[in-house]
Structures are given as structure tokens and as C-alpha cells.
Amino acid sequence: MSFTGKYELQSQENFEPFMKALGVPDDQIQKGKDIKSISEIVQDGKKFKITVTTGSKVLQNEFTIGEECEVEMVMGEKVKAIVQLEGNNRLVANLKGLKSVTELNGDTITNTMTMGDLTYKRISKRI
């Protein structure tokens, strides 16, 4: 199953408490909570390029399944991670105490991030 495509954020759960836990300033949280971000994924075999545009902020990461890479976090911090593919539709990464699971079902991508007992969920649809 190919992840390639553009996806628009439809809904999110626990955005504010999760961003606070990551250390995002309150003014940025308020600005970011209502913006419908666009995620663009380009998959070429095991290589991925993911670009997330939220208003004027653009976050871009590239990785190869099973190989260590550097991932830029929401606050701009770069951390080492290894992204694994589970089945043919789940990308799983552990980044500095945070677990990220991105699952593709048809035209819907669900991204769930867990840190301790706090979970943040984003649901995006292909556009």
C-alpha cells in the first residue's frame, strides 16, 4: 500500500495538553489548534519524504524504513529515530520518549503520538 499523497487534517484529539507537555508556548498552541494542516507524503520503496505545512510553518522529514535518521520535532529539535513499517500500512517510530504510529486505511491517515500516559491523535483525509 502506498502512502504517497496529500492529506488534510480533519480532526484532532488532545492537541493542547500534548503540545503543552512538549513545551510549545501557549500563544503558538492557540494559533495552531484551528489550522488545518496539509501533509504531503512521497514514498519511493522504503524511502519516505514527509512535508507538513501548518499555516506558514513547514516541517519536512526524510527517512528510510529500518535505518537511523534525524527527525525534526515540532519545536525544531532534531532527534535520532528509526522508523519501522508494520504490515503494509503502519509506520512506527520512537523519538525521545515519544511513540508515533501513522496508519493508512484507504484515504484516511491516523497519526497517534503517545508520551507517557498522554495521547494525541490526528486524523487526515486524502485530498
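The values are calculated or read from the model by the stated rules, or taken from the named source; none is laboratory data. Since the structure is predicted, the reported quantities are computational estimates derived from the model, not experimental observations. FYI the Cβ positions are ideal-geometry reconstructions off the backbone, even for glycines, and counts take in every protein chain you see. In case anyone asks, the SASA skips ligands and DNA or RNA and just uses the protein heavy atoms, side chains included. Shrake-Rupley method; radii C 1.70, N 1.55, O 1.52, S 1.80 Å.
Structure data summary
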item: Surrounding net charge for Asp107, when Lys and Arg each add one and Asp and Glu each subtract one, Cβ distance under 10 Å; result: +2
item: Choice from Val71, Val24, Val83 showing the highest fluctuation, given a GNM over the chain with Cα pairs closer than 10 Å; result: Val24
item: Coil-residue trypsin sites (Lys or Arg not before Pro) of segment 1-96, DSSP, other Cβ within 10 Å capped at 16; result: Lys33, Lys36, Lys46, Lys96
item: Sum of side-chain charges, Arg90 neighbourhood, beta-carbon under 13 Å (Lys, Arg +1; Asp, Glu -1); result: -1
item: Simple spin-label estimate for Lys31 and Ser56 in nanometres, 7 Å along Cα-Cβ; result: 0.7 nm
item: Average accessible surface area per residue within segment 5-126, 1.4 Å rolling probe, Å²; result: 56 Å²
item: Longest exposed-site-free window of the chain, the sites being GluC sites (Glu not before Pro) in a DSSP loop that have at most 14 other C-beta atoms within 10 Å; result: 1-66
item: Choice from Gln43, Gln84, Gln28 showing the highest fluctuation, given a GNM over the chain with Cα pairs closer than 10 Å; result: Gln28
item: Residue among Ser11, Ser100, Ser56 with the largest mean-square fluctuation in a Gaussian network model of the chain, springs linking Cα atoms under 10 Å; result: Ser56
item: Leading residue at positive end of dipole, the chain (Cβ point charges), from Val58, Tyr7, Val79; result: Tyr7
item: Förster radius 41 Å - calculated FRET efficiency between Glu77 and Ile127, Cβ distance, rounded to 0.05; result: 0.90
item: For the chain: relative contact order, % (alpha-carbon pairs under 8 angstrom, 6 or more apart); result: 25 percent
item: Segment 54-95: Cα Rg divided by the 2.2 N^0.38 Å rule of thumb; result: 1.26
item: FRET efficiency, 1/(1 + (r/R0)^6) with R0 22 Å, evaluated for Glu70 and Leu118 via beta carbons; result: 0.35
item: Inter-centroid distance (Cα atoms) of segment 74-127 relative to segment 14-65, Å; result: 11 Å
item: The chain - Rg over Rh from alpha carbon coordinates, Kirkwood radius; result: 0.93
item: Principal axes of segment 1-70: Cα extent on each, largest first, Å; result: 39, 25, 22
